[in-house]
Every structure is written in C-alpha cells, then in structure tokens.
Amino acid sequence: MNAPAIVMMLVAMLVLWGGLAVAIVNVSRSDRGEVAEAHRDL
C-alpha cells in the first residue's frame, strides 16, 4: 500500500471509531429520567 492509501485508511478509521466513541459518550450522558406513561387507544 502506498502512503495516500494508508492516510485514507487512518482517516476512515478515525471517523468511524471517533463516531462510535462520541455516540457512546452521548448515550451515557443523556438524561434518561422517568419514562412518561403512554396512553393509547387500541
């Protein structure tokens, strides 16, 4: 593999793993609180 291919691979890995890390942090910091009751007409 040449240098540009390695750089693109590293950028893609950073984007994917970084997005996963941000999503995990976002879910862990979210305020779940109590779930409101859902009234449904069936």
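The values are calculated or read from the model by the stated rules, or taken from the named source; none is laboratory data. As the structure is a computational prediction, the values presented were derived from the model and not from experiment. As a convention, Cβ positions derive from the backbone with ideal geometry for all residues, glycine included, and neighbour counts pool all protein chains shown.
Scan the chain for residues that are loosely packed, with under 10 Cβ neighbours inside 10 Å, within 25 Å of the chain's Cα centre (by Cα) and not hydrophobic (A, V, I, L, M, F, W, C) and jot them down.
Listed by number, the residues that qualify are 26, 28, 29, 30, 31, 32, 33, 34.
Cβ-Cβ below 8 Å, separation at least six or inter-chain, first residue in the range 1-30 and assigned to a helix (DSSP H, G or I), second modelled with pLDDT under 95: which pairs?
Taking only residues 6 or more apart or on different chains, the pairs are 9/1.
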